[in-house]
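To start, the structure under review is shown below, and the notes come after it.
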Amino acid sequence: MASKPTPDTHTRAVNLRIREDVRGLIDRAARAHGKTRSDFMIDAARRAAEDALLDQTLVRVDPESYRHYLAVLDAPPDGEGFARLMKAPKPWQP
């Protein structure tokens, strides 16, 4: 007896109308990554959706915490860790 798909594994079709040149571009990119067109588009859409939602993150704090946060951002960097970082050899310098 076959088991029913769970919500995590159940897939549904999504139909898109797309210009031929864009479809060709997507197909070339998918082949370059060794993916099917569908897998490539799903991965790209998922990443774009995650980025869009992460950009919408709102952090609410009380006014005093916000003032402290701004003061920390406005203060010049200092401290032992910062001094050590600034003295460390730079990979791009001989």
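In the range 61-84, the condition of being under 30 Å from residue 14 (Cα atoms) and not in a helix (DSSP H, G or I) is met by no residue.
Filter the range 26-52 for residues that are among the β-branched types (Val, Ile, Thr) and assigned to a helix (DSSP H, G or I); which is farthest from residue 12 (Cα to Cα)? My answer is 26. A count restricted to the range 61-94 and to residues that are of a type in the set (Asp, Glu) and modelled with pLDDT of 90 or more stands at 3.
The values are calculated or read from the model by the stated rules, or taken from the named source; none is laboratory data. Quick caveat: nothing in here was measured; it's all calculated off a predicted structure.
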